[in-house]
1. Looking at segment 742-751, which of its residues are touching a helix residue (DSSP H, G or I) at 6+ places or on another chain (Cβ under 8 Å) and charged (D, E, K, R)?
2. Any idea how many residues of segment 133-174 are among the hydrophobic types (A, V, I, L, M, F, W, C) and part of a strand (DSSP E or B)?
3. Scan the helices (runs of 4 or more DSSP H) fully inside segment 227-341 and keep the ones with 3 or more residues being under 29 Å from GLN410 (Cα atoms).
4. Can you find a residue that is assigned to a loop (DSSP other than H, G, I, E, B) and among the small types (Gly, Ala, Ser) anywhere in segment 201-214?
5. Could you check segment 401-418 and list, in sequence order, the residues that are farther than 26 Å from LEU310 by Cα and free of Cβ contacts under 8 Å to residues at least 60 places away in the same chain?
6. Answer yes if at least one residue in segment 162-177 is in contact with a His (Cβ under 8 Å, 6 or more places away or on another chain), modelled with pLDDT of 80 or more and either under 30 Å from VAL112 (Cα atoms) or not hydroxyl-bearing (Ser, Thr, Tyr) (or both), and no otherwise.
7. Please find, within segment 134-159, the residue that is nearest to PHE70 (Cα to Cα) out of those that are exposed (fewer than 14 other Cβ atoms within 10 Å of the Cβ) and touching a Pro at 6+ places or on another chain (Cβ under 7 Å).
8. For ASP421, which of the numbered conditions (1) of a type in the set (D, E, K, R); (2) touching a Cys at 6+ places or on another chain (Cβ under 9 Å); (3) on the phi > 0 side of the Ramachandran plot fails to hold?
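The values are calculated or read from the model by the stated rules, or taken from the named source; none is laboratory data. None of these values were measured; they are calculated from a predicted model. Here Cβ is always computed from backbone atoms with ideal geometry, including for glycine, and neighbour counts include all displayed protein chains.
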Amino acid sequence: MGEIPAKATESEDPSDGARSQAAGGAAVPGDAMWQSSPPGSIYDYIRVASFSISPGGLVEQWSLRAEQIFGIPAERAVGLDPIEAFVDPDLHERGQRKMAEILDGREWTGAVPFRMPDGPDGTRGEEGLAELYVMPTRTVEGDKAAVCVVVDVRTLRSIETDLAASQAIFGQSPFGFLLIDTDLRVRRANERFASLFGGASEEHQGKGVHDYLPRGEAERVSATLRRVLETGESVTDMHVTGFVPGSEERRHWSVNLYRVHSGSGRPIGIAWLGIDITARRAAAREAAAARRNLALLNEAGARIGNSLDLETTARELLDVVVPGFCDLATVDLYQSLLAGDDAPPGLADGSAELRRVAFASAVSDAPFSGSGERVAVGAVHHFPFSSPCADALRTARPRRVPAEEGGLVQSTLAVPMVAHDTVVGLAQFARTKGSEPFGDRDRDLAVELAARAAVCIDNARLYRREHERALILQRSLLPPGDPEASGLDIACRYLPGNAATEVGGDWFDVIELPGHRTALVVGDVMGRGLRAAVAMGELRTAVRTLALLDLEPAEVLSALDEIARGLGAPGGVQQATRTARQPRDADLSEVYLATCVYAVYDSVTRRCTFANAGHLPPVLVEPGEPALMLDVPPGMPLGVGGEPFEEVEVELAEGALLALYTDGLVESRDHPLDEGLQAFLGALTDPARPSPGHHPWTTAPHAGSHRDLEDVCDHVLNTLDTHHGEDDIALLMARVQGLPADSVGDWTLPREPRSVGRAREYARAQLLNWALEPLADTAELLVSELVTNALRYGEGEIRLRLLLDRTLVCEVWDSGLVQPRRRRARDTDEGGRGLQLVGLLSAAWGSRRTPRGKTVWFELPLPGGGSGLTDPAEALLSLF
């Protein structure tokens, strides 16, 4: 029997049309309608086939579905004995009995094992188990026959398992499960979904997304459902926001959507699988906020306090919080602290004067609520006593500032900046409308940010104070004004490092020595800060003291080395000496190290003696020649100890230029030392290569030569401007102007009594020649005293030398090593008053060692210099 569709029947019940429409059919106007199952119905899953058996027990009709299930075409199946063809031979006898019962008119249902017929190539047919339903019938002639309906039992078992699994998943799933039809209506809802939205699961049938979600959200979800239904593309983790019945709490769901198909592949709806993620979303938001706050704190730690400047530190705080934390922010600091006062603000009630040091805005420069007035950066102001800002300053606790009605700002925090239990200022953070108001976590974060900035600002304030004190100390130790020296034109420059760095230990000095000689000193204490400045002052004082003892340059540096080691030892120089005898691995952490160049220039001979303690070499520029570095052995830095220093004597040409400097001039992070030294030499060398005998930096002495040397200093600093700035710079430049030969009187006297008279004659004649007659009597008397002492207490021949420069200097040389000692003579003594007389009549006097003995000298001011001469007669009478 062929595949016969269900016969159309008239509906006697008016509700059949409604049932048919609900089932997917279409209602037809009138009293009758056709009921049909669309393709892909349940029969596609069950795989039902039918065939008929003739009165003779043979297959008479074979349906198309039977061909699909058994794989045997109708032309082959018709006429076959089904028992012989499909039943195992061992069951033929039992099968024949059943067939006889069926043809006798008995209805039968049961499970029958079957085996497919062997293939044409002899392959054994597949075995299986079929659910058989036999319905007796009669032919037209009245003979008994049968119609058989066959179902594959394996398919039924699979469907049964799938239904059980589907029911378990659908009913026991912890997720909200919906089956939505092609009209976007709920066909089925599980218990989990119903427990969230109330009622029984059956009550949700026929509802749409608009029944559960707000209009805007429902429109978005409906559009997504249509897209899934049309394209078949699944949607994973779609976030849906809405409310559950009876609650105003906003809920969040994560929804997965996929299209559901029938057995034939026809789309029949959409599966909705949703889970409530409100708590998870809140936890994620909390975690994100915590990560954001941690990142903000990390950024604050990296960016705030990089510079030791108050205003810069305040701006760094605002760079961190705007716009990452707030939309508007300001920083106000107490004016008294900015002015350098160590004491806290005078008014502790929060209304003391403050200065606005920083302001930042991501949206607008609108003023903060509370004051109602705009405060410009740099302006000094105060908060009213009753304002929240004043209360925050008074109590050292953050306060919320009420928003002004109709204003841009909706939420403001006033956070006191507390460092070491001291309020240094106030930070205000504000959020505008549209931003989330500040919560408790935001308040705690603001307090932490303000505290970090406050510590950095307080450190910057303390540093500024110490830096200013160190600068005052350092500058007070430098030579005042423009130094002067005999036979030298001197210009100097001292430039402290950048304001952001600590004060250094660079120094220079110009010390006048007896005999129109000059000591030139440039040094640099290693390290920075007040410690280096104090060490520099002590070393500079020691250099001046040692220079006045008229020691050789190498001896001066050796004594300085002992003093430098004593600075770092609790017991002073002696303790440092004992420490130096210990093994070389002794702790040197407190040793003061310094470099120094010490040079002594003699204006009479134009010879300069150098000694170097680890410093950069001096630079010499002779007329018409390029600048060159003098080969002075560097030696070890001061404070290391144990190594002698060498001396180098150089004869300088008239008009030569000598430059002493510190490493800040030629070395920086961006420029290595060699590069800086070459740039320095180039700045001192005339690039035009002038003709011999002329050099723009080494002109002969004239009235404008000092100004020219000042120009040289400016030229060098401008040329090397890109090579310095990080460290202090000390530059000392001297142009040689030797004492002319006609300004020197030099005589050698034999060791005999009449040399005293000759010395007086030589001195008077020379002074008259120099037109210094007012000095003749005094000078003659003092020369007589010094030559007499040389005859009595000295050795060898005597040398007398008169030097005329800015003062008159008289020197008496002999070979004796015993230094003259001034003593107080008694009234009855006939002698012993010579040196007292020298001290009374001269401006200065003294003695120094020489390579071959000693020199005793005195100095007289020139007439018209403002200092009068003492009358010799009065001086003699004052001695008795």
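1. ARG751
2. Selection size over segment 133-174: 9.
3. In segment 227-341, 278-303, 310-321 are the helices (runs of 4 or more DSSP H) which contain 3 or more residues that are under 29 Å from GLN410 (Cα atoms).
4. Within segment 201-214, one or more residues are assigned to a loop (DSSP other than H, G, I, E, B) and among the small types (Gly, Ala, Ser).
5. Within segment 401-418, PRO402, ALA403, GLU404, GLU405, GLY406, GLY407, LEU408, GLN410, SER411 qualify.
6. So far as segment 162-177 goes, no, none of its residues is in contact with a His (Cβ under 8 Å, 6 or more places away or on another chain), modelled with pLDDT of 80 or more and either under 30 Å from VAL112 (Cα atoms) or not hydroxyl-bearing (Ser, Thr, Tyr) (or both).
7. THR139
8. Condition (2) is where ASP421 drops out.
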